[in-house]
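Okay, so here's the structure we're looking at.
The values are calculated or read from the model by the stated rules, or taken from the named source; none is laboratory data. None of these values were measured; they are calculated from a predicted model. Neighbour counts are summed over all protein chains in view; Cβ atoms, including those assigned to glycine, are modelled from backbone coordinates with ideal geometry.
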């Protein structure tokens with residue numbers, strides 16, 4: 001067995017993963033140094049552009065189009081994006097409705113600020129692009145191709161959790177529930193890619209879940225405080241039930257919502273383009 005090449009004389013997936021991190025580092029390190037020198041912030045937009053650029057360069061090196069990573073930008077891509085938006089919204093509205101009906105959380109209205117909504121939508125879109133390209137893009141797909149998608153799901157979900165592990169509020173029972181929820185959410189996003197062979201649904205799922213949780217319902221998003229159209233009032237309910245300042249990601253109802261979404265995707269038929277592969 002050749003160390004670097006497979007039987008088809010192609011570079012092995014492990015080495016493409018190494019190449020990806022080298023390319024990603026070659027973009028990230030200069031950006032960090034320049035930002036530090038000028039006192040700039042490395043924004044989510046910059047992070048998203050860096051990950052997309054690294055993916056594009058790696059695909060150029062493989063002599064493959066970027067659409068192999070993100071899926072063909074056609075009507076099916078748009079359809080799956082819309083479905084992902086719906087599932088992502090349901091992930092947050094269903095547990096929030098449960099908490100409201102149980103009297104554990106109520107909401108106060110805040111002043112409508114269109115600029116705030118647009119800015120938040122832009123930030124959450126950049127978060128979704130950066131994280132989905134990193135965790136469900138080139139890296140995930142090379143792991144899936146080399147090891148199979150079950151090991152790839154476990155490895156990438158552990159990596160996804162690790163990047164969130166020191167978020168604000170990751171302590172005590174919150175850390176336990178949030179860790180399980182974040183790990184399973186990564187499985188959900190990965191499964192959405194496996195079912196559609198496209199980043200459209202994972203991108204939409206990720207974006208809308210964060211947007212509804214933070215900008216609409218006013219919860220924290222992975223421990224980061226958000227200003228929303230509504231402001232939640234926790235009526236002395238336990239943190240494990242509401243998620244507290246961390247967000248619905250650290251609540252038992254939120255966890256149940258992710259499990260239900262996994263079941264829904266489990267019954268999802270592959271897109272027509274996948275039949276026979």
Going through segment 60-85 in order, the residues found to be more than 20 Å from residue 190 (Cα to Cα) and either in contact with a strand residue (DSSP E or B) (Cβ under 6 Å, 6 or more places away or on another chain) or assigned to a helix (DSSP H, G or I) (or both) are 60, 61, 62, 75
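Can we say residue 97 is part of a helix (DSSP H, G or I) and under 23 Å from residue 255 (Cα atoms)?
Working: part of a helix (DSSP H, G or I): yes; under 23 Å from residue 255 (Cα atoms): yes.
For residue 97, the condition - part of a helix (DSSP H, G or I) and under 23 Å from residue 255 (Cα atoms) - is met.
Does residue 49 meet the test of being at pLDDT 95 or above, farther than 16 Å from residue 142 by Cα and part of a helix (DSSP H, G or I)? Please lay out each step first, then the result.
Numbers: at pLDDT 95 or above: yes; farther than 16 Å from residue 142 by Cα: yes; part of a helix (DSSP H, G or I): yes.
In short, yes.
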Lone qualifier among 70, 50 - being in contact (Cβ under 8 Å) with a residue 12 or more places away in the chain, surrounded by 15 or more Cβ atoms within 10 Å (Cβ to Cβ), out of contact with any helix residue (DSSP H, G or I) (no Cβ under 7 Å at 6 or more places or on another chain) and under 27 Å from residue 195 (Cα atoms)
70
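Residues checked against (1) within 21 Å of residue 145 (Cβ to Cβ); (2) free of Cβ contacts under 8 Å to residues at least 24 places away in the same chain; (3) assigned to a helix (DSSP H, G or I):
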| position | (1), (2), (3) |
| --- | --- |
| 33 | no, yes, yes |
| 41 | no, yes, no |
| 88 | no, no, yes |
| 91 | no, no, yes |
| 108 | no, no, no |
Helices (runs of 4 or more DSSP H) fully within segment 173-269 counting 2 or more residues that are out of contact with any helix residue (DSSP H, G or I) (no Cβ under 7 Å at 6 or more places or on another chain):
252-266
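Given the structure, is residue 181 closer than 20 Å to residue 127 by Cα, touching a strand residue (DSSP E or B) at 6+ places or on another chain (Cβ under 9 Å) and surrounded by 22 or more Cβ atoms within 10 Å (Cβ to Cβ)? It would help to see each step written out before you state the result.
On the way: closer than 20 Å to residue 127 by Cα: yes; touching a strand residue (DSSP E or B) at 6+ places or on another chain (Cβ under 9 Å): no; surrounded by 22 or more Cβ atoms within 10 Å (Cβ to Cβ): yes.
It is false that residue 181 is closer than 20 Å to residue 127 by Cα, touching a strand residue (DSSP E or B) at 6+ places or on another chain (Cβ under 9 Å) and surrounded by 22 or more Cβ atoms within 10 Å (Cβ to Cβ).
Against the definition (buried (at least 24 other Cβ atoms within 10 Å of the Cβ) and within 16 Å of residue 130 (Cβ to Cβ)), how does residue 219 come out, yes or no?
Numbers: buried (at least 24 other Cβ atoms within 10 Å of the Cβ): yes; within 16 Å of residue 130 (Cβ to Cβ): no.
No.
For segment 137-159, what are the residues that are over 12 Å from residue 185 (Cα atoms) and buried (at least 18 other Cβ atoms within 10 Å of the Cβ)?
Passing the criteria: 137, 138, 139, 140, 141, 142, 143, 144, 152.
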Residue list for segment 118-136, restricted to those being surrounded by fewer than 16 Cβ atoms within 10 Å (Cβ to Cβ) and touching a residue at least 12 places away in the same chain (Cβ under 8 Å)
121, 122
Selection status of residue 59, out of contact with any helix residue (DSSP H, G or I) (no Cβ under 8 Å at 6 or more places or on another chain), surrounded by fewer than 21 Cβ atoms within 10 Å (Cβ to Cβ) and in contact (Cβ under 8 Å) with a residue 12 or more places away in the chain
no
Identity of the residue in segment 211-252, within 14 Å of residue 182 (Cβ to Cβ) and touching a strand residue (DSSP E or B) at 6+ places or on another chain (Cβ under 7 Å), that ends up modelled with the highest pLDDT:
213
Residues of segment 56-78 satisfying the condition of being under 19 Å from the mean Cα position of the chain (by Cα) and closer than 15 Å to residue 204 by Cβ
70, 71, 77, 78
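Which members of segment 195-206 meet the condition of being farther than 13 Å from residue 249 by Cα and surrounded by 23 or more Cβ atoms within 10 Å (Cβ to Cβ)? Even if it seems obvious, please write down each step before you answer.
Quick first cut of segment 195-206, residues farther than 13 Å from residue 249 by Cα only: 195-205.
Selection gives 196, 198, 199, 200, 201, 202, 203, 204, 205.
Let's see how each residue does on (1) touching a helix residue (DSSP H, G or I) at 6+ places or on another chain (Cβ under 6 Å); (2) farther than 26 Å from residue 205 by Cβ; (3) at pLDDT 95 or above:
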site: 10; (1), (2), (3): no, yes, no
site: 23; (1), (2), (3): yes, yes, yes
site: 26; (1), (2), (3): no, yes, yes
site: 43; (1), (2), (3): no, no, no
